[in-house]
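Read-outs: derived from the displayed coordinates by stated rules, not from any lab. The structure presented is a predicted model; accordingly, all values stated were derived computationally and were not measured. Reconstructed Cβ throughout: ideal geometry from the backbone, glycine too, with neighbour counts over all protein chains shown.
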Amino acid sequence: MRVTVEQIGREKEEQVLIQCHEVTESIREIERFVKLRQEKLEGYDADRMYCIPLSDVYYAEAVDNRLYIYTEKNVYELKMKLYTFEENYCSGEFFRCSRTAVVNLMRVSYLRPGLNGRLSARLTNGEDIIISRKYVNALKARLQNE
């Protein structure tokens, strides 16, 4: 497959065009990836609402019946449940890594073995996220397919 990037003037709208012989699962994955990069979430910090690009999210965590998303330097509350976040975004770059957390695989620097069959994921911002042993095999399968 040939990839071409063309720089255009600011007066034109940016677009991604995929030309293919057949719409395969790989093509659909590329399409989902591009669409997810454009999505924004409504996050709240104190009494202010912010629009956070989905691609800026490192992980989401449920704490005391509230859902928080973590970016490189900030934490925002989302007005949704973790299972809703998972349903909407885990087919893309996000992965359910524990009972209470979802991690952005595009923000993982490396994985290392942890205790009791768990894995530790080092994120690009230096934080570590634990991959529960219940989810380790699913993560390995997903990484092998990519």
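Rank these for me by crowding, Asp128, Asp64, Asp56, going from fewest to most other beta carbons within 10 Å.
Asp64, Asp128, Asp56
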>> Could you identify which residue out of Asn74, Asn125, Asn88 has the top mean-square fluctuation in a GNM of the chain using Cα springs shorter than 10 Å?
In response: Asn74
> Could you give me the ³J(HN,Hα) list for the range 9-15, computed from phi with Karplus coefficients 6.51, -1.76, 1.60 and θ = phi - 60°, whole Hz, x at Gly and Pro?
Replying inline: x, 5, 6, 9, 7, 6, 8
> Can you work out the FRET efficiency for the pair Glu127 and Val23, with r the C-beta to C-beta distance and R0 = 35 Å, to the nearest 0.05?
Replying inline: 0.40
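Grab the chain and count how many Lys pairs have their alpha-carbon atoms under 20 Å apart, sequence gap of 8 or more, or different chains.
For the chain, the number of qualifying lysine pairs is 4.
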> Going through the range 14-116, which GluC sites (Glu not before Pro) have at most 15 other Cβ atoms within 10 Å and a DSSP loop state?
Replying inline: Glu14, Glu22, Glu39, Glu72
> Among Leu123, Tyr58, Pro113, whose Cα sits farthest toward the positive end of the charge dipole of the range 25-145 (+1 at Cβ of Lys/Arg, -1 at Cβ of Asp/Glu, about the Cα centre)?
Replying inline: Pro113
>> Please list 3J(HN,Hα) in residue order for the range 103-120, calculated via the Karplus relation 6.51 cos²θ - 1.76 cosθ + 1.60 where θ = phi - 60°; whole Hz, with x for glycine and proline.
In response: 10, 7, 5, 6, 9, 8, 7, 7, 10, 9, x, x, 7, 6, x, 8, 10, 10
> Taking the Cβ of Glu77 as the center, what net charge do the other residues with Cβ under 9 Å away carry, scoring Lys and Arg +1 and Asp and Glu -1?
Replying inline: +1
> From the backbone phi of the range 54-69, what are the Karplus-calculated ³J(HN,Hα) couplings (6.51 cos²θ - 1.76 cosθ + 1.60, θ = phi - 60°) in whole Hz, Gly and Pro given as x?
Replying inline: 4, 5, 7, 7, 8, 7, 10, 9, 8, 9, 6, 6, 10, 10, 10, 10
> Under 5 Å between amide H atoms, partner at least 5 residues away or on a different chain: which partners does Met80 have, H built in plane at 1.01 Å?
Replying inline: Leu67
